[in-house]
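Asker: Please find one structure pasted underneath; my questions will follow.
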Amino acid sequence: MRFVKSLPFLLSLTATLGSANVWALPSDRDQPIRVQADSAELDDKQHVAVYRGDVIITQGSMRITGNTVTITQDADGNIKVATAVGKPAYYEQKPSADKDIVQAYGLTIQYYADQNRIILIDQAKVVQQGNTFEGEKIVYDTQRQVVNAGRANGNQITTPRPRIDMVIQPKNRNQSSEQAQ
């Protein structure tokens with residue numbers, strides 16, 4: 001892959017990330033995207049951007065971090081997949097004003113923008129409203145806020161976990177009855 005200083009590619013990447021409004025609060029799509037990294041490698045022909053070195057991508061309440069983040073676009077400039085690799089890589093979003101920030105961790109995080117789906121592989125963990133979900137592989141639907149956890153078949157896993165581990169916090173009965181009134 002060649003290193004390219006390409007303003008058109010960066011502008012299309014920014015526009016595409018901005019259109020991925022399911023990543024965060026509805027108001028986040030109007031926020032600027034900030035990418036911080038030690039280095040960037042951009043390839044217009046392959047529609048790939050690779051950021052390396054303590055990468056931080058933010059847009060409003062959405063945040064992705066990793067040692068390396070690779071963003072691949074289709075020919076129309078839409079994001080196909082954003083892959084963050086780290087020890088661990090990290091993703092967070094605030095799904096709505098009345099919900100807590102969802103946090104996700106994994107040695108590899110794959111975000112499929114057109115499917116509103118995040119796949120966490122190896123040391124995968126999602127923290128959602130005080131509840132935790134851990135396993136080798138977790139698939140998180142960002143739009144419906146649904147978590148599926150299980151084994152990562154066919155992948156090299158650094159910390160094998162034959163079973164998933166979930167911790168579900170009890171609801172505060174006083175708080176629940178106050179909300180019902």
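The values are calculated or read from the model by the stated rules, or taken from the named source; none is laboratory data. All values derive from a computational prediction rather than experimental measurement. All Cβ positions, glycine included, derive from the backbone under ideal geometry; neighbour counts span all protein chains shown.
Asker: In segment 113-153, what count of residues is obtained for those that are touching a residue at least 12 places away in the same chain (Cβ under 8 Å), part of a strand (DSSP E or B) and not small (Gly, Ala, Ser)?
Answerer: So the count comes out to 22.
Asker: Hey, another quick one. Is it true that some residue in segment 32-42 is aliphatic (A, V, I, L, M) and either within 15 Å of the chain's Cα centre (by Cα) or surrounded by fewer than 17 Cβ atoms within 10 Å (Cβ to Cβ) (or both)?
Answerer: Of the residues in segment 32-42, the ones aliphatic (A, V, I, L, M) are 33, 35, 37, 40, 42.
With either within 15 Å of the chain's Cα centre (by Cα) or surrounded by fewer than 17 Cβ atoms within 10 Å (Cβ to Cβ) (or both) added as a condition, the list becomes 33, 35.
Yes: one or more hits.
Asker: Something else about it: Select from segment 45-61 the residues that are more than 28 Å from Ser96 (Cα to Cα) and either free of Cβ contacts under 8 Å to residues at least 40 places away in the same chain or loosely packed, with under 15 Cβ neighbours inside 10 Å (or both) and list them in ascending order.
Answerer: Step one: filter segment 45-61 for residues more than 28 Å from Ser96 (Cα to Cα), giving 45-53.
Once the filter is applied, which keeps residues that are more than 28 Å from Ser96 (Cα to Cα) and either free of Cβ contacts under 8 Å to residues at least 40 places away in the same chain or loosely packed, with under 15 Cβ neighbours inside 10 Å (or both), segment 45-61 yields Lys45, Gln46, His47, Tyr51, Arg52, Gly53.
Asker: Exactly one condition in (1) closer than 19 Å to Ile168 by Cα; (2) of a type in the set (Gly, Ala, Ser); (3) at pLDDT below 90 is not met by Ala124; state its number.
Answerer: In the conditions (1) closer than 19 Å to Ile168 by Cα; (2) of a type in the set (Gly, Ala, Ser); (3) at pLDDT below 90, Ala124 misses (3) alone.
Asker: Tell me yes or no: at least one residue of segment 169-180 is within 21 Å of Asp100 (Cβ to Cβ), modelled with pLDDT of 75 or more and acidic (Asp, Glu). It would help to see each step written out before you state the result.
Answerer: Our first condition is that a residue be within 21 Å of Asp100 (Cβ to Cβ); within segment 169-180, this holds for 169-180.
Then keep just the ones that are modelled with pLDDT of 75 or more; that gives 169-171.
Still in the running and acidic (Asp, Glu): none.
Checked segment 169-180: no residue is within 21 Å of Asp100 (Cβ to Cβ), modelled with pLDDT of 75 or more and acidic (Asp, Glu).
Asker: Next question, about the same structure. Can you find, within segment 78-116, the residue that is farthest from the chain's Cα centre (by Cα) among those that are among the acidic types (Asp, Glu) and surrounded by fewer than 16 Cβ atoms within 10 Å (Cβ to Cβ)? Before the answer, list the steps.
Answerer: So in segment 78-116, the residues among the acidic types (Asp, Glu) come out as 92, 98, 100, 114.
Those left that are additionally surrounded by fewer than 16 Cβ atoms within 10 Å (Cβ to Cβ): 98, 100, 114.
On the way: Asp98: 20, Asp100: 16, Asp114: 13 Å.
Filtering segment 78-116 for residues that are among the acidic types (Asp, Glu) and surrounded by fewer than 16 Cβ atoms within 10 Å (Cβ to Cβ), the one farthest from the chain's Cα centre (by Cα) comes out as Asp98.
Asker: For Ile64, state whether it is surrounded by 18 or more Cβ atoms within 10 Å (Cβ to Cβ), under 9 Å from the mean Cα position of the chain (by Cα) and farther than 23 Å from Val167 by Cα. Can you show your working first?
Answerer: On the way: surrounded by 18 or more Cβ atoms within 10 Å (Cβ to Cβ): yes; under 9 Å from the mean Cα position of the chain (by Cα): yes; farther than 23 Å from Val167 by Cα: yes.
Spelling it out, Ile64 is indeed surrounded by 18 or more Cβ atoms within 10 Å (Cβ to Cβ), under 9 Å from the mean Cα position of the chain (by Cα) and farther than 23 Å from Val167 by Cα.
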